[in-house]
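In what follows, a single structure is set out as structure tokens and then discussed.
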Amino acid sequence: MQRLTAESVTLGYDQRVIAENLSVEIPDHSFTVIVGPNACGKSTLLRALSRMLKPARGRVLLDGETIHSLPAKKVARTLGLLPQSSIAPEGITVADLVARGRYPHQGLLRQWSPEDERIVEESMASTGIGALGDRYVDELSGGQRQRVWIAMALAQQTPLLLLDEPTTYLDIQHQIDVLDLCAELHETQGRTLVAVLHDLNHAARYATHLIAMREGEIIAEGAPGEIVTAELVERVFGLRCQVIPDPETGTPLVIPAARKRGARVAGAVPVAGGA
Amino acid sequence: MKATQEETAGTKGTARSVRAVRTAGGYSFRMNVRASLVIVLLAALAAGTAVVLIGSGDFSMTPGEVVTTLFGHGTFQQEFIVTDLRLPRVLVGLLVGAALGVGGAVFQTISRNPLGSPDVLGFGQGATVGALTVIVLFQGGAAAVAGGAVAGGLLTGVAVYVLAWKRGVHGFRLVLVGIGAAAMLTAATQYLITKANLVDATRAVVWMTGSLDGRDWAQVWPLLVVCGVLLPLVFAHGPALRVMEMGDDAAYALGVRVERTRLVLMGSAVLLVAVATAAAGPIAFVSLSAPQLARRLTRSTGPNLVAATFMGAALLLVADWVSMEAFGDRQLPVGVVTGVLGGCYLLWLLVSERRAGRI
């Protein structure tokens, strides 16, 4: 039994059902990535796993107990989440923001222990923002800011960490930067990571366990090297492609099929030179 | 418990003004030096103004005499003037200011909007309609008017919460619904005044200006009880509110029961504002400006609940002193003074935000 599982959950908002009878197990100590086309329910599944969305039917289990019946602070000491959008309070410094990740470990009589201090420093060091402590979050670049939020989630010290599209809105070098950081955290700290990613090639390169979704259903799951094939990509994304080994890592690399020469202009009126 | 260790938190990091105070038993407290200093100074300002206010009037007393009398060593005449006449008025001012200050801080943080204070979101207007209904339709006495104000404020609170609800209450919708409620309630107020006879209308308008004149122990006790229960409750939820500043998702992730916390805090703030309004009438702008002024003085992030509370109390008493002293024999109701001060503050806020390029 894995620590985080969903048992035949039905997920949706109000009357709109996004996924029905969905079951999933997150392998312990894996870097699991969920992929799929827009509106396939991948973010919804992540929200359910992080107890932000209560399933209409079925249940999400954390260490064998229904996650929604556990005390909120207790869950927050086991399971962390990096939401898609968070608001940095005006005029807050990097160190102060990262320190807020210690909230689930604090109480009215235990507001700032030496352990809190040590963990905040470690979290900042392992995300490479150790020198930015006194800087204001507002004045950082997008990539640096995402590192700050990740550091805050790390300071929460949870064995499980969920990331909802951590690379969206970032330039390509910052996307790779954030994913390298996640891979490093996964390898060196042994945490279980679950991320929703848009880019299939990023997913195939970094995931140890891949979940491919379409229209609220899981189409395939397993190691990227075993499941990512041209047939799967066509089934999940409706995209014709070739899959070749990534020259850098040997993981599957998806090359979308080129438009057939002349295919699009078929039937179009050719532009004639002169009148 | 004695502090065995005191050090700056975070070697290279956490803002220098934050210190950790740790005790032998493994307890630890986070202390913001600047914020604590601001709170102490505001408390001193409020206490000092209170002493001056108690000493001024037709029978004037020196601050020394006031303090001696407060500790029970005054003459019979001084005792009467202080404890029966002037102390309750000053206490009402302190408590009303504190309630409005903390209520404003709670609502501005929940709505994530510096203008999202209870007197903009319709709670003050709701209390006014409740009070005017009692005055105009039932010709009720002072206690009934106060009861009407509390009921009006609470009903508005429930209505705004329910109308703004959609999978939780979010800042933007709360502001829109609140402003709509405020507009409708203002119309209802004006309708009630047109329906009133001259005596009732005069009474209604006086009530609506907001004043501390003639307040006695009958107004102090309910305020004291409500503040005594709700202020600690609100302060205890301060850390959760601080985390909620970062958005609901981030707060959930950190283990805050967001909707429950919001309900407790909004309920407390609405009740505090309603009881304050019942005691002194709708006093303008204290709940709008106190949290912002407090934040600028402490220069720290977060809702600054305690600082806003003391700022509200100090602001209201200073405004009361200005209303009594600054215009010679013509005393103004304190609501007029806070209105003028608040208007100036709002202009300053708009100008400074514009300079910073935010609007």
*Scan (1) part of a loop (DSSP other than H, G, I, E, B); (2) buried (at least 17 other Cβ atoms within 10 Å of the Cβ); (3) touching a residue at least 60 places away in the same chain (Cβ under 8 Å) for the single condition A:Asp28 breaks and write down its number.*
(2)
*Report yes if B:Val38 is modelled with pLDDT of 90 or more and more than 14 Å from every other protein chain (Cβ to nearest Cβ), otherwise no.*
yes
_Unmet criterion (only one of (1) within 18 Å of A:Leu46 (Cβ to Cβ); (2) surrounded by 20 or more Cβ atoms within 10 Å (Cβ to Cβ); (3) without any contact (Cβ under 8 Å) to a residue 40 or more places away in the chain; (4) more than 14 Å from chain B (Cβ to nearest Cβ)) for A:Ala207_ = (3)
*Would you say A:Leu170 is away from chain B (no Cβ under 11 Å), surrounded by fewer than 21 Cβ atoms within 10 Å (Cβ to Cβ) and either touching a helix residue (DSSP H, G or I) at 6+ places or on another chain (Cβ under 9 Å) or closer than 23 Å to B:Arg22 by Cβ (or both)?*
yes
*Residue in the stretch A:104-114 that is crowded, with 17+ Cβ neighbours inside 10 Å, in contact (Cβ under 8 Å) with a residue 24 or more places away in the chain, within 25 Å of A:Glu165 (Cβ to Cβ) and more than 7 Å from chain B (Cβ to nearest Cβ) present*: no
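For the condition at pLDDT below 90 and either among the aliphatic types (A, V, I, L, M) or at positive phi (or both), what is the one hit in A:Leu154, A:Leu108, A:Leu163, A:Leu97? Steps first, please.
Numbers: A:Leu154 fails: at pLDDT below 90; A:Leu163 fails: at pLDDT below 90; A:Leu97 fails: at pLDDT below 90.
Among A:Leu154, A:Leu108, A:Leu163, A:Leu97, only A:Leu108 is at pLDDT below 90 and either among the aliphatic types (A, V, I, L, M) or at positive phi (or both).
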*Of these, B:Val243, B:Val270, B:Val177, B:Val256, which one is crowded, with 20+ Cβ neighbours inside 10 Å, among the aliphatic types (A, V, I, L, M), assigned to a helix (DSSP H, G or I) and within 14 Å of chain A (Cβ to nearest Cβ)?*
B:Val243
*Residue match in the stretch B:113-134 (condition: at pLDDT below 90, farther than 14 Å from B:Ala274 by Cα and within 14 Å of chain A (Cβ to nearest Cβ))*: yes
*asked:* The conditions are (1) over 30 Å from B:Met61 (Cα atoms); (2) crowded, with 17+ Cβ neighbours inside 10 Å; (3) modelled with pLDDT of 50 or more, and B:Tyr27 fails exactly one of them. Which is it?
replied: (2)
_Which listed residue, of B:Ala105, B:Ala44, B:Ala98, is aliphatic (A, V, I, L, M), surrounded by fewer than 24 Cβ atoms within 10 Å (Cβ to Cβ) and part of a helix (DSSP H, G or I)_ = B:Ala44
*If the Cβ limit is 7 Å and pairs must be 6+ apart or interchain, which residue in the stretch B:334-355 that is modelled with pLDDT under 80 pairs with which residue that is assigned to a helix (DSSP H, G or I)?*
B:Gly342/B:Leu288; B:Gly342/B:Ser289; B:Tyr345/B:Ser289; B:Leu349/B:Gln292
*Across the stretch A:84-98, what is the number of residues that are assigned to a loop (DSSP other than H, G, I, E, B) and of a type in the set (A, V, I, L, M, F, W, C)?*
3
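Pull up the stretch A:114-158, narrow it to residues that are hydrophobic (A, V, I, L, M, F, W, C) and either touching a Pro at 6+ places or on another chain (Cβ under 8 Å) or not in a helix (DSSP H, G or I) (or both), then point me to the one that is nearest to A:Pro104 (Cα to Cα). Full working, then the answer.
Pass one, the stretch A:114-158, residues hydrophobic (A, V, I, L, M, F, W, C): A:119-120, A:124-125, A:129, A:131-132, A:137, A:140, A:148-155.
Next, from what is left, pick out any that are either touching a Pro at 6+ places or on another chain (Cβ under 8 Å) or not in a helix (DSSP H, G or I) (or both): A:129, A:140, A:150.
On the way: A:Ile129: 22, A:Leu140: 26, A:Ile150: 16 Å.
Of everything passing the filter in the stretch A:114-158, A:Ile150 is nearest to A:Pro104 (Cα to Cα).
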*On the given criteria, is A:Leu154 over 17 Å from B:Val243 (Cβ atoms) and more than 10 Å from chain B (Cβ to nearest Cβ)?*
no
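I'd like the residue in the stretch B:312-333 that is outside any helix (DSSP H, G or I) and within 17 Å of B:Gly93 (Cα to Cα) and, out of all such residues, is modelled with the lowest pLDDT. Spell out the reasoning first.
Let us first name the residues in the stretch B:312-333 that are outside any helix (DSSP H, G or I), namely B:326-333.
From the residues that got through so far, the ones that are within 17 Å of B:Gly93 (Cα to Cα) too are B:331-333.
Numbers: B:Gln331: 73, B:Leu332: 78, B:Pro333: 81.
Restricting to residues being outside any helix (DSSP H, G or I) and within 17 Å of B:Gly93 (Cα to Cα), the top hit is B:Gln331.
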*Would you pick out the residues in the stretch A:223-263 that are free of Cβ contacts under 8 Å to residues at least 24 places away in the same chain, assigned to a strand (DSSP E or B) and surrounded by 13 or more Cβ atoms within 10 Å (Cβ to Cβ)?*
A:Cys241, A:Val243
_Criterion: surrounded by 16 or more Cβ atoms within 10 Å (Cβ to Cβ) and under 20 Å from B:Gly103 (Cβ atoms) - qualifying residue of B:Val169, B:Val158_ = B:Val169
_Unique residue being touching a strand residue (DSSP E or B) at 6+ places or on another chain (Cβ under 9 Å), in a helix (DSSP H, G or I), surrounded by fewer than 24 Cβ atoms within 10 Å (Cβ to Cβ) and away from chain A (no Cβ under 14 Å) when the list is B:Leu263, B:Leu230_ = B:Leu263
_Against the conditions (1) in a helix (DSSP H, G or I); (2) touching a residue at least 60 places away in the same chain (Cβ under 8 Å); (3) touching a Leu at 6+ places or on another chain (Cβ under 8 Å), where does B:Ala149 fall short? Just the number, please._
(3)
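Could you please let me know if B:Gln78 is touching a Ser or Thr at 6+ places or on another chain (Cβ under 8 Å), farther than 21 Å from B:Arg262 by Cα and assigned to a helix (DSSP H, G or I)? Before you say what the answer is, go through the steps one by one.
Values: touching a Ser or Thr at 6+ places or on another chain (Cβ under 8 Å): yes; farther than 21 Å from B:Arg262 by Cα: yes; assigned to a helix (DSSP H, G or I): yes.
For B:Gln78, the condition - touching a Ser or Thr at 6+ places or on another chain (Cβ under 8 Å), farther than 21 Å from B:Arg262 by Cα and assigned to a helix (DSSP H, G or I) - is met.
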*Given the conditions (1) in a helix (DSSP H, G or I); (2) in contact with a helix residue (DSSP H, G or I) (Cβ under 8 Å, 6 or more places away or on another chain); (3) at pLDDT below 95, which single one is not true for B:Arg215?*
(1)
*Failed condition for A:Ala99, given (1) more than 13 Å from chain B (Cβ to nearest Cβ); (2) over 30 Å from A:Val254 (Cβ atoms); (3) of a type outside the set (Val, Ile, Thr), with all others met?*
(1)
*A:His29, sole failed condition from (1) farther than 16 Å from A:Ala153 by Cα; (2) within 12 Å of chain B (Cβ to nearest Cβ)*: (2)
*So which residues in the stretch B:180-207 are crowded, with 19+ Cβ neighbours inside 10 Å and under 22 Å from the mean Cα position of the chain (by Cα), if there are any at all?*
B:Ala181, B:Ala182, B:Leu185, B:Trp207
_Step by step: first the residues of the stretch A:57-92, then only those that are within 8 Å of chain B (Cβ to nearest Cβ) and among the hydroxyl-bearing types (Ser, Thr, Tyr), then the one that is surrounded by the most Cβ atoms within 10 Å (Cβ to Cβ). Which residue is that?_
A:Ser86
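Across the stretch A:123-134, what is the number of residues that are in contact (Cβ under 8 Å) with a residue 12 or more places away in the chain and under 24 Å from A:Asp180 (Cα atoms)? Steps first, answer last, please.
Step one: of the stretch A:123-134, the residues in contact (Cβ under 8 Å) with a residue 12 or more places away in the chain are A:123-124, A:126-129, A:132-134.
Remaining after also requiring under 24 Å from A:Asp180 (Cα atoms): A:123-124, A:126-129, A:132-133.
Residues that pass the stated criteria total 8.
Test B:Leu223 against the stated conditions and say whether it is away from chain A (no Cβ under 14 Å) and touching a helix residue (DSSP H, G or I) at 6+ places or on another chain (Cβ under 6 Å).
On the way: away from chain A (no Cβ under 14 Å): yes; touching a helix residue (DSSP H, G or I) at 6+ places or on another chain (Cβ under 6 Å): yes.
So B:Leu223 fits the description; yes.
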*Check on A:Gln175, at pLDDT 90 or above, crowded, with 21+ Cβ neighbours inside 10 Å and either more than 8 Å from chain B (Cβ to nearest Cβ) or over 16 Å from the mean Cα position of the chain (by Cα) (or both)*: no
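The values are calculated or read from the model by the stated rules, or taken from the named source; none is laboratory data. Everything quoted here is computed from the prediction, not taken from an experiment. Every residue, glycine among them, receives a Cβ derived from its backbone with ideal geometry; neighbour counts consider all protein chains shown.
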